[in-house]
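The block underneath contains the structure these notes are about, expressed in structure tokens.
The values are calculated or read from the model by the stated rules, or taken from the named source; none is laboratory data. Not measured: the values here are computed from a predicted model. FYI the Cβ positions are ideal-geometry reconstructions off the backbone, even for glycines, and counts take in every protein chain you see. These area figures cover heavy atoms from the full protein model, side chains too; ligands, DNA and RNA do not enter into them. Shrake-Rupley method; radii C 1.70, N 1.55, O 1.52, S 1.80 Å.
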Amino acid sequence: GNCMLGSRPLLSFDTVFSSQPHLKLLKAMFIDIFGTPRGHPKSKPFIDRVMSFGMLDGRIWVRNYQIMDAVDGDKKAEKVAAHAGKELTNLVEIGPRFVLTPIRIFNGSFGGPTLYANPKYTSPNATRQAAKTQYGEKYSKRRQANDFRKEKEEINVVPLSDLHDTFS
């Protein structure tokens, strides 16, 4: 896919971005970041790509598509496609594609009151700590089993019989 340098992307948002306040804020941020101001001196006067923002599983999925004409200037192919009811344009994914997991949204730049906190997010440090704790529990269970076995051996000592020194 070859998009023109400086071309404006058409930004396409999932309907979820209009329903929740923190997603409305993210939508405004994405428009500021990825949108090109109208009339900017280095922008092109046409749109040849689409950026799609979707929300699924608490993550924001971003895809970049190029708008391709199925028939490039071929009048006969245009008439055939129009008669058959086929679309004359296609979307081809050109990348980059990425997934964002919103963790926290602060009121300030890098701090301040928290406007949104993702309740389902667990940090990698918490995941590693849980794995180490689970490994430590495995070790402590093994130690307890060993101590229990030694205690059982001490309780169940077989007494020596009267004939134990007969053949010595």
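What the table below lists for this structure:
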read-out: Hits in the range 52-94 - residues which are under 21 Å from LEU26 (Cα atoms) and open to solvent by less than 70 Å² (accessible area, probe 1.4 Å); value: SER52, PHE53, GLY54, MET55, GLY58, ILE60, VAL62, ARG63, ASN64, TYR65
read-out: Residues located in the range 132-168, provided they are among the β-branched types (Val, Ile, Thr) and part of a helix (DSSP H, G or I); value: THR133, ILE155
read-out: Test: residue in the range 80-92 that is of a type in the set (Lys, Arg), under 17 Å from MET4 (Cβ atoms) and at pLDDT below 90; value: no
read-out: Scan of the range 1-51 for residues that are charged (D, E, K, R), open to solvent by 40 Å² or more (accessible area, probe 1.4 Å) and assigned to a strand (DSSP E or B), ordered by number; value: ARG49
read-out: Filtered residues of the range 95-130 (kept if touching a His at 6+ places or on another chain (Cβ under 8 Å) and either farther than 18 Å from LEU26 by Cα or part of a loop (DSSP other than H, G, I, E, B) (or both)); value: PRO102
